[in-house]
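Working notes, structure below.
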Amino acid sequence: MTRQQSERLITRTLHVALLITIVIAGFGQAVLQLWNWLMPELFGLRPLRFWQAVGLMGLSWILFGGLRGFGMIAGPGRSGTPESWARLTPEERERFRRGIAQARGSDAARS
């Protein structure tokens, strides 16, 4: 790796770290403002401080899906790409179609 490449890597890493810090601070502030506006009035809960809001945001992110909501991490078989459909055997495709049709039929019966 040349000196210019390593400098570019360091600069890019610092930019990404700064962006992540700004995003966390922004979302933390949004959680703080929403909590302190709604929760004490509605439920009689105490107001949060900034780091409590960031912690609450992190906890809810872990509990309710993490990075999957942003399309950054997809588990095995969750890509939703045409290649994943192409990998299915004809029997698996037919079983999938029957399952979807069955689910739609059962939803219609409940309505």
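The values are calculated or read from the model by the stated rules, or taken from the named source; none is laboratory data. None of the values given here were measured: they were computed from a predicted structure. Here the Cβ positions follow ideal geometry from the backbone for every residue, glycine too, while neighbour counts run over all protein chains shown.
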When only residues in region 59-77 that are more than 18 Å from ILE24 (Cβ to Cβ) and exposed (fewer than 10 other Cβ atoms within 10 Å of the Cβ) count, which is modelled with the lowest pLDDT?
GLY77
Looking at (1) at pLDDT below 85; (2) not in a helix (DSSP H, G or I), can you tell me which one LEU48 breaks?
(1)
Among all residue pairs at least 6 apart or on different chains, which show Cβ distances below 6 Å where the first residue, located in region 1-27, is in the same structural domain as ALA53 (by TED's automatic domain parsing) and among the polar types (S, T, N, Q) and the second is part of a helix (DSSP H, G or I) and loosely packed, with under 10 Cβ neighbours inside 10 Å?
none
